[in-house]
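Structure first, commentary second.
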Amino acid sequence: MKLFSILFFIFSVHFSYSQTIDFKTEKEIISQTLSQYLNENPNSMASFLKGKKGYKMAAFGLKMGVAMEDDPVKKEAAKKDLIHLDSYSDSIAAVLKTKKIKVLISDTLFAYKYTPAASNLQNETDWKQNYEYLLADFRDNSMARMDTIIGEEYIDLIKKQLHYKGQDKPFLRAELNDSYYQYEKENTSSKDELCVRASKIYRLVLNKNNTKGCYLFSFYCNENKICRSFIFIKKEKNKWVYVEEYPSWIVDES
């Protein structure tokens, strides 16, 4: 029995260590993938570059307006708006050649503290009951909450966040600077169009093989409210890439 206990301890230590990354690497992974996520977030001007999510959503709406509008005057106006969208996108591309988008953010990576909503998902019974609802999103995307189906394996990373025991850690904002983005001190009153009024970034968790990960990001959205999402990432050819976001209010009361 004593030998078994020793072996179990050695195995547990090795298993835990194999899944651990240092804080420097954690920040590097977040830096790489957060900039990719922000490129698709309509709160970022980069989202309106051609090919990005904001541009595609706006172009789709305008094209639908052109196709469905019977009034010749309104149809022509929609066509002009579509042309204006291209000009707007080109102007953003020109600006971003010399300027950075400021991300106004806290200088702490926060440990996610789960707050139960209708049920407590830290309880295994409640978790199993709610797992089917999560499957509807991750396996079927039946509510179209995500842009694509990413698979149920990412659900396990939500569970890891629910049970996360790490600590808040301060960092230098400039360590996250990447691509179009420069991270600076929070300023909730900023009116600068070339900025993202963010709030917090939360610590990263990884799967057993360190090939998939999840952290959270919050920012100011409609009517000065805070929106928060789980950010899912994966490792491809030794590089970390953004996969999808998922609103956190579905699993907690935020």
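The values are calculated or read from the model by the stated rules, or taken from the named source; none is laboratory data. This is a predicted model, so every value here is computed, not measured. Note that we place each Cβ from the backbone using ideal geometry, even for glycine, and neighbour counts take in every protein chain shown. SASA here: full protein model, heavy atoms, side chains in, ligands and nucleic acids out. Shrake-Rupley method; radii C 1.70, N 1.55, O 1.52, S 1.80 Å.
At 7 Å along Cα-to-Cβ for each site, give me the label-to-label distance between residue 145 and residue 20 in nm.
In this crude spin-label approximation the distance works out to 3.3 nm.
In the chain, what percent of the accessible surface is made up of carbon and sulfur (1.4 Å probe, ligands and nucleic acids excluded)?
Carbon and sulfur atoms account for 55 percent of the accessible area of the chain.
At what distance in nm do the modelled label points of residue 168 and residue 111 sit from each other, each positioned 7 Å from its Cα along Cα→Cβ?
Distance between label points: 1.1 nm.
Can you pull the accessible area of residue 73 for me, 1.4 Å probe, Å² to the nearest 10?
Using a 1.4 Å probe on the heavy atoms, I get roughly 110 Å².
Under 22 Å between alpha carbons, and skipping anything fewer than 8 positions from residue 97 in its own chain: which lysines qualify?
50, 52, 53, 56, 191
Can you sort 227, 214 by 1.4 Å-probe accessible area, starting with the largest? Present the calculation step by step, with values, prior to reporting the outcome.
Working: 227 45, 214 0 Å².
Heavy-atom accessible area, descending, gives 227, 214.
Tell me the label-point distance for the pair residue 87, residue 133, using the 7 Å Cα-to-Cβ offset, in nm and rounded to one decimal.
Each label point is offset 7 Å from its Cα along the Cβ direction, giving 4.8 nm.
Before rounding to the nearest 500, sum -39500 (n - 2.57) across all DSSP H runs of length at least 4 in the chain and divide by the residue total; then give [θ] at 222 nm in deg cm²/dmol.
-12500 deg cm²/dmol
Dipole of the chain, Cα-centred, from +1 at each Lys and Arg C-beta and -1 at each Asp and Glu C-beta, to the nearest 20 debye?
Numbers: 38 positive and 34 negative charges, 153 e Å.
Dipole magnitude for the chain comes out near 740 debye.
What FRET efficiency comes out for the pair residue 99/residue 73, r = Cβ-Cβ distance, R0 = 35 Å, nearest 0.05?
Values: r = 38 Å, r/R0 = 1.08.
Approximately 0.40, to the nearest 0.05.
Using a Förster distance of 22 angstrom, determine the FRET efficiency expected from the C-beta separation of residue 241 and residue 185, and round it to 0.05.
Numbers: r = 28 Å, r/R0 = 1.29.
Given R0 = 22 Å and the Cβ-Cβ separation, E is 0.20.
Can you work out the accessible area per residue across the chain, with the rest of the protein chains kept in place, probe 1.4 Å, in square angstrom? Walk me through the numbers before you get to the answer.
Numbers: 14840 Å² over 254 residues.
Spelled out: the 1.4 Å probe surface of the chain, per residue, equals 58 Å².
Greater than 27 Å separation of Cα atoms is the criterion. Which listed pairs, 185/235; 160/237; 160/235; 113/208; 99/234; 102/159, meet it?
Numbers: 185/235 30 Å; 160/237 24 Å; 160/235 18 Å; 113/208 22 Å; 99/234 29 Å; 102/159 32 Å.
With Cα atoms farther than 27 Å apart: 185/235; 99/234; 102/159.
Per the Kirkwood formula on distinct C-alpha pairs, the Rh of region 45-169 is how many angstrom?
Radius from the Kirkwood sum: 18.9 Å.
Got a sec? What order do 186, 253 fall in by accessible area at 1.4 Å, biggest, i.e. largest, first?
253, 186
Compute the convex hull volume of the Cα atoms of the chain, divide it by the residue count, and report the result per residue in Å³ as a whole number. Intermediate results must be reported in sequence, preceding the final value.
On the way: hull volume 42.9 nm³, N = 254.
Spread over its residues, the Cα hull of the chain gives 169 Å³ apiece.
For region 134-148, in order, what is each residue's ³J(HN,Hα) by Karplus, 6.51 cos²θ - 1.76 cosθ + 1.60 with θ = phi - 60°, in whole Hz (x at glycine and Pro)?
Along region 134-148, the couplings run 5, 4, 4, 8, 7, 9, 10, 6, 5, 9, 6, 6, 10, 6, 7 Hz.
Just to confirm my numbers, what's the Cα centroid distance between region 85-150 and region 156-228 in Å?
10 Å
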